[in-house]
1. Looking at the stretch 65-87 only, could you name the residues that are under 25 Å from the mean Cα position of the chain (by Cα) and at pLDDT 85 or above?
2. Examine the stretch 204-225 for a residue that is modelled with pLDDT of 70 or more, surrounded by 13 or more Cβ atoms within 10 Å (Cβ to Cβ) and within 29 Å of Y62 (Cα to Cα), and state whether such a residue exists.
3. Given the conditions (1) surrounded by 13 or more Cβ atoms within 10 Å (Cβ to Cβ); (2) in contact with a Ser or Thr (Cβ under 8 Å, 6 or more places away or on another chain), and given that K102 satisfies all but one, which numbered condition is not satisfied?
4. What residue, of V83, V70, is without any contact (Cβ under 8 Å) to a residue 12 or more places away in the chain and of a type in the set (A, V, I, L, M, F, W, C)?
5. Which residues, taken from the stretch 86-111, are touching a residue at least 40 places away in the same chain (Cβ under 8 Å) and over 30 Å from A166 (Cα atoms)?
6. Working only within the stretch 125-173, note down all residues that are surrounded by fewer than 18 Cβ atoms within 10 Å (Cβ to Cβ) and among the polar types (S, T, N, Q).
7. Restricted to the stretch 44-64, and to residues that are modelled with pLDDT under 80 and either part of a loop (DSSP other than H, G, I, E, B) or among the small types (G, A, S) (or both), which residue is nearest to I127 (Cα to Cα)?
Amino acid sequence: KMRLEFQKSTQEQDLKYKELETNFKSVAQKLEDAQRRIEQGSQQLQGEAAELLIEEYIQSEYLSDEVKEVPKGVNGADCLHIVKDNFGNICGSILYESKRTKEFNKEWLDKLKLDSIAAKSDIAVLITKTMPKDKEKTHFKEGILICTFNEFKGVLAVLRESIINAYKLKNALQNKDEKNHILYEYLNSKEFNTQITFILKTYQNMKEELEAEKRALQNIWKKRERAIENLSFNSTAIVSSLNAIFSDLQGGNLIGEEGIKSLENLAKDED
């Protein structure tokens, strides 16, 4: 009888253990699903914020241009930038795709090329938080211009000017088919890629040099401030020491109140 009761008790404990184990697995799975949904939602919000930043900058900086947003949930790039000259003529278009992920994915390039063909854009730009490991600066890869969010504004300015100049060149010719062919060949030529890369590299170098000069000047100013503060402190200390000595000897100050004020004003003038 005792053996039967023991077996029954053991079976009940096993059942409770299995029940707890099943509940734990169910809760863990739900937590994992919830975390995945949160991460997906966060990535989507980050992506939408990047898209909005790009669109707002184009609209505020180039009032004559037009931005066509790709509707949410529709397969495609972030937005299509319609470049116009001062007379409102459409000169060409730039397709933008932005990515804010921790790792760069080469598959983005293939997708963006297809999106560019579908949108009939003249050039496609991939703006990414994380650059490819082999190149961290702005560059062309497989016909796509890749840059960071910090470099985006400079890239946009250069590309826009190039498209407008190419449009002017196209209008200088008479045959329409020849004009379109020349524009396409120019924007996809090695010469164009090399020129754009050189311009952007020069822009980046100048920007880095300017920042370095700012930091150097700030360091110089800080050193001068410390030197002036030390001069003021030591001048006051000398006056105080001399006055203390001659006060004991003669019952008065060697340097009177006017002298102290003059030294203090001198220190202030140095500031």
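1. D65, E66, V67, K68, C79, L80, H81, I82, V83 - these are the residues of the stretch 65-87 that are under 25 Å from the mean Cα position of the chain (by Cα) and at pLDDT 85 or above.
2. Looking through the stretch 204-225, at least one residue is modelled with pLDDT of 70 or more, surrounded by 13 or more Cβ atoms within 10 Å (Cβ to Cβ) and within 29 Å of Y62 (Cα to Cα).
3. (1)
4. V70
5. Hits for the stretch 86-111 are R100, T101.
6. Within the stretch 125-173, T130, T148, N150, N165, N171 qualify.
7. A50
The values are calculated or read from the model by the stated rules, or taken from the named source; none is laboratory data. Quantities reported herein were computed from a predicted structural model and do not represent experimental measurements. Virtual Cβ from ideal backbone geometry, glycine too; neighbours counted across all protein chains shown.
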